[in-house]
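Working notes, beginning with the structure itself.
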Amino acid sequence: MSGRMWGRLGLRVGAVVAAGVAGVLLYATPAAAHGADAPVAVPYVVRVWSVSVPGVEVRAVEGGARLELVNRSGREVVVLGLQGEPFLRVSADGVDENRESPTWFASRALRGGAVGGDAAAAAEWHRVAGVPVVRWHDERARELPVREWSVPLLVDGLEPGIVRGSVEAATVPRTGWWWAGSVLGAVVVGLLWRWRAVLGVVAVVGGVTAAWWVVGSAALAASPADGVVVQLLARVWALVVGGGVVAAGVLLLFKKVDLVLGIAGACLAVVIGMGDSGVFRYGTLAGPAWGRWAVAVAFAVGVGLTCAGGVRWYRAVGPSEGESAQGTRGS
């Protein structure tokens, strides 16, 4: 292979890597105050043991990233914040949040980095939903170590209430086996490089699986305040990658798009296969229960398509460019 060909190959490989890195950086950018900033998996389980107010239900959602309260009691229930201030008000006609609450500022993102508000100030209520359902990040009921937690409530402005629960360690998945299976799958897909139609079908299956994983995660994270559309927009780059792999697979069935296939595969492997690989390490999933299989398929198909597309592209352009270079030297 001539120096010119090596240079062109290097540029193409660099483009693939740059596209993948850009994708994973954009995908990793959290949307504050929405479920999209929750990790794909965590090493703990959040349990809710009791709610003292009849007709009020509380559960952990999104792998324990947020609590969800549903008020069917017909009474006004106020969730009190970290400093005992009014934080959320849930009544039969909807949900209001107190934007003077320090807990409101802290709850805008998973890590609770925002600071502001005044616990002693008069409540500044803002309507956020028209149904009595609310989700929020609460550092009292999240993260290890193992412990019990509680969140105080105030019913009808007079009667105290409380939610009690615990944080427990989650069962660790068989990380090594998941990675081994993913790598083996990538090898199998890569060995299919000779069969264009088969590769096209594999790309469509991998892209659809990845896109369905993204949509399923968005649906589970949706709430009255942040609907499915909001959650999908927060995951738009992963969704675009899944759709791009499907498009590359369909195109491959009708024409040679080997380089496009390789770039699409690299993005799939980096953005979802590597970007969501936390599902292999931690026991509690924030998305659908089949998430580990989806990420394993994304990694295997992505890496395999990258290798297969690269081999097909090299075999298609390498010899002709090599002969042209030899002809130039001979003339």
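Only the coordinates and a few stated rules stand behind these numbers; no lab work does. Fair warning: this is a prediction, and the values are worked out from it, not measured in the lab. Ideal geometry is used to build each Cβ from the backbone, glycine not excepted, and the neighbour counts take in all protein chains shown.
Please give the FRET efficiency for residue 175 paired with residue 250, using the beta carbon to beta carbon distance and R0 = 41 Å, rounded to the nearest 0.05. E(calc), rounded to 0.05, equals 0.75. Among the chymotrypsin sites (Phe, Trp or Tyr not before Pro) found in segment 200-303, those both in a DSSP coil and sparsely packed, with 12 or fewer other Cβ atoms within 10 Å of their Cβ, are 254. Under a 5 Å amide H cut-off, with hydrogens placed 1.01 Å from N, residue 131 pairs with 95 among residues at least 5 apart or on other chains. Amide H to amide H under 5 Å from residue 56: which residues, 5+ apart in sequence or cross-chain, H placed 1.01 Å off N in plane? For residue 56, the qualifying residues are 72. Computed about the Cα centre, the dipole magnitude for segment 166-322 is approximately 480 debye when only Lys and Arg (+1) and Asp and Glu (-1) carry charge, each at its Cβ. At what distance in nm do the modelled label points of residue 166 and residue 219 sit from each other, each positioned 7 Å from its Cα along Cα→Cβ? Going by the 7 Å Cα→Cβ label model, 3.3 nm. Per-residue Karplus couplings for segment 175-186, computed as 6.51 cos²θ - 1.76 cosθ + 1.60 with θ equal to phi - 60°, are listed in order as 4, x, 5, 5, 5, 4, x, 5, 5, 4, x, 5 Hz, Gly and Pro entered as x. If the segment from residue 121 to residue 195 were pulled out straight at 0.36 nm per residue, it would be longer than the present Cα-Cα gap by 19.8 nm.
By the equivalent-ellipsoid construction on the alpha carbon gyration tensor, segment 252-314 comes out with semi-axes of 28, 10, 8 Å, ordered largest to smallest.
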